[in-house]
1. Kindly evaluate B:GLU203 against the criterion of being loosely packed, with under 15 Cβ neighbours inside 10 Å and assigned to a helix (DSSP H, G or I).
2. Consider the stretch A:177-193. How many of its residues are within 10 Å of chain B (Cβ to nearest Cβ), of a type outside the set (A, V, I, L, M) and surrounded by fewer than 18 Cβ atoms within 10 Å (Cβ to Cβ)?
3. Does the stretch B:498-510 include one or more residues that are under 26 Å from B:ASP96 (Cβ atoms) and surrounded by fewer than 20 Cβ atoms within 10 Å (Cβ to Cβ)?
4. Hey, any hits in the stretch B:148-163 for a residue that's away from chain A (no Cβ under 14 Å), aliphatic (A, V, I, L, M), touching a residue at least 12 places away in the same chain (Cβ under 8 Å) and closer than 27 Å to B:VAL81 by Cα?
5. Which helices (runs of 4 or more DSSP H) sit wholly inside the stretch A:226-334 and have at least 3 residues that are under 26 Å from the mean Cα position of the chain (by Cα), at pLDDT 85 or above and under 26 Å from A:TYR4 (Cα atoms)?
6. Scan the stretch B:431-462 for residues that are within 14 Å of chain A (Cβ to nearest Cβ) and either surrounded by 23 or more Cβ atoms within 10 Å (Cβ to Cβ) or not hydroxyl-bearing (Ser, Thr, Tyr) (or both) and jot them down.
7. Given the criteria more than 21 Å from B:LEU534 (Cα to Cα) and surrounded by fewer than 24 Cβ atoms within 10 Å (Cβ to Cβ), does B:ALA263 qualify?
8. So, in the stretch A:87-141, exactly how many residues are closer than 30 Å to A:ILE302 by Cβ, among the aromatic types (Phe, Trp, Tyr) and free of Cβ contacts under 8 Å to residues at least 60 places away in the same chain?
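The values are calculated or read from the model by the stated rules, or taken from the named source; none is laboratory data. Treat the numbers as computed from the prediction; the structure is a model and nothing was measured. Cβ sites come from the backbone with ideal geometry, for glycine too, and all protein chains shown count toward neighbours.
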Amino acid sequence: MFSYTIKRVLSLVPVLLGLSLIVFFMIRAIPGDPAQIILGQLATKEAVEELTKQLGLDQPWYIQYFTYLGGLLTGDLGESIKTKTAISQEIWPYLAATIELSFCAIVIAIVIGVNAGIISAWYQNSWFDYIAMVLALIGVSMPIFWLGLMEQWVFAINLDWLPTSGREEVRNPVTSITNIYMIDTLLQGRMDQFWDVVKHLILPAFALATIPMAIIARITRSSMLEVMRSDFIRTARAKGLRMFWVVYKHSLKNAIIPVLTIIGLQTGLLLGGAILTETIFSWPGMGRYIYDAINARDYPVIQSGILIIAFIFVMINLVVDLLYAAIDPRIKYN
Amino acid sequence: MKKRGILFLVFALLLSLALVGCSGNSSTGGTKEEEDKDTGTEEGTKETEEAAGNNTLVFGRGGDSTSLDPAVTTEGEAFKVTVNLFETLINFGEQDTEIEAGLATEWKTSEDGLKHTLKLREGVKFHDGTDFNAEAVVYNFDRWKAGNAEQFYYYNSQFGDKIESVVAVDEYTVEFNLNKPIAPFFKNLAMSPFGIASPAAIEKHGDKFIENPVGTGPFVFKEWKRNDRITIEKFADYWQEGLPKLDQVIFRSIPENSARLNALASGEVDLIDGVNFSDVATIEGNPDLQVFERPTLNVAYLGLTNTRGPLQDKLVRQALNHAVDKKALIDAFYAGAADPAINPMPPVVAGYNDAVEDYPYDPEKAKELLKEAGYENGFEMELWAMPVPRPYMPDGQKVAEALQANFEAIGVKAEIVSYEWGTYLEKANNGEADSFLLGWTGDNGDADNFLYVLLDEDAIGSNNYTYYKNPEVHELLLKAQASSDQAEREELYKQAQVIIKDDAPWIPLVHSRPILAGKAGISNFKPHPTGSDLLSNVELK
């Protein structure tokens, strides 16, 4: 297991190098001279030349790439053109907002999705199974924009239970320490604010959780069905074990691998794909950070933003891979 | 045993979720004294709202600021905040663009229009406690002059090299020496980008002044959480007694129009702009809310790139003008809160030519013109739809579809095309679009700010996206720019409008009255035509 972990981590090196190379070229494939675009149409020729030099764009591409790579290794993500601030400095609040939201969403998706899948498999062809699977189908095909506005309309305007948007009540703002507000409010012992933060999280987290939840439910169900037909399950039932333990212990353990895979992939997607949810619920996260950067042609931000999300995606999948081995001893890596 | 781990994890997550719910409720018994101050129950938000003072106004808007230093930006969203932090030497009227005393109380201009002398208001302090005086004014103008065109866009476009020097005559008198007259000189001074900043603060913060603004305005900057909100609070030493009436204003960015209205309806924000025209009826039906109309200072148009295909022919452009049913557009997409546009600038702008008549909506006439131009069987072109809503263009896609149908009726097949906004502007600016939707909101209410900026040949490459070029118009516009006789200027602009109408570089569509909405308890809110609203008189009940 240990050597496998090492091997797996080492194999990330070429992946990450490739990643940086792709992002590097992707940005450079965009037509137009970055220096000209940065300075705008009215810029003088001298100004453009000066900036070209300053950005190192007059160097051959491999020098540019290695300079860029060297910067990355020392934690230098470049400087935003729009805000003139180091990206490594300004990115954290956005990343923290996205992590908080994605974490809640994936927890909701797992708790509801996995359980719905299990129960559907357990009571296959029951009314619960039918309803759950129809809901899952609707969930997968749900337009998030519409869902978000509907949530706001029902739970915020009509029922007045939850707020429509943002991370907190701005008239009573949270003092940020880590920028993950659930943690910040707890650290400060502000239970009133903690509850406020949770209330702000519920609607966007559910909107964001909808699609992964539906996918997880369907995968869990089919994987469970397969396992529950196995001989060892029949044996377990024959020896008189309670059905609950048969399902939640013996079957789930064997059915969890594909579910875990899909959870890993979905978590990664949530990080980058939350742009619609972030827009509707005005959540100041990574999706909008990158989207605004695209609109403003803020190339360093686009580049570093994509890179960070891709990096997290790779890391999550590493964790999932390692979890396989931890959960299922039959999986041996040599 | 290990294998049970995942099971426990699932349960732990379930449990923790349940606990989250409970703890929020149960811990309010008050284990700590601090908690008692803010009653943190389920109704916590509502109650703290009141506890934090009714005197906080939350303003919901579509985007975040790009800078808090008005001098270095061109973004309308930025000025919405800075107009409350900085003051200009000259002010606009409450709801128009007439000039009034600002930080300058009196002004006079020499005969030749080359020297303006301004008497400054005494006893004004910057937020950092330093004094506002002639030296400060000179410092600001020197700063803008020394910077390059990219950095101080508005200074360069409005004053540029025409300001020779700015001199402090005495503590409270400044003299502007020009080498060429600038007709809208005082209107320019009233523009948000020329808010006077504290020299001491500029020295202190340098590059970071864009996030540490210090002016003389009614509000002081407090906090900026990018992409989320900007908080400003009352300036205790403000020179106008009794103002501002609010203690605090929070500008929140809520990008989606419907979501912003939802936030207003649920009470999270008090005032919003960028209301969909289609939502006006709903808001009017809600007794807790009210609608505000911003006086128009904009124009929405379909640009007909004068250098492309059949559009090079004036007759074709006139034909397309005849084909558009503006009234139907206004009814369908602006809920009536717009007027058909005839000239490239709205009627409130001095120099507007009332005598110019619009091309009437007449498909038959349009067909005749096409025939005359040799396009009896019509032609094909691209019609670019704006991908983002703007106050003058609530829904680019739908307006484009309506225009497409109008053109279809005269045999012109228009294919609707759209790009992401940055690309859209860049490509249109390169002259790659046949016809494209766009608009403009005036900066200072002067005719020059519409006609010269949008249609002069000098503006090709910046805001003249249609590549329209007419030497006669060019001459008129330059002459008007240099003249200091207002009556003469207006006459020149009127002539220019006649020629432009005939050349038909655009189809001017509408002048809209952008809609804002707020809680019923808001009073004295007067939306300004420029889009930057001064909030010092606003009260919230």
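1. Here the answer is yes, as B:GLU203 does meet what is asked.
2. Qualifying residue count, the stretch A:177-193: 2.
3. Yes, because at least one residue in the stretch B:498-510 is under 26 Å from B:ASP96 (Cβ atoms) and surrounded by fewer than 20 Cβ atoms within 10 Å (Cβ to Cβ).
4. no
5. In the stretch A:226-334, A:252-272, A:299-327 are the helices (runs of 4 or more DSSP H) which contain 3 or more residues that are under 26 Å from the mean Cα position of the chain (by Cα), at pLDDT 85 or above and under 26 Å from A:TYR4 (Cα atoms).
6. B:GLY431, B:GLU432, B:VAL453, B:ASP458, B:ALA459, B:ILE460, B:GLY461
7. No.
8. So the count comes out to 1.
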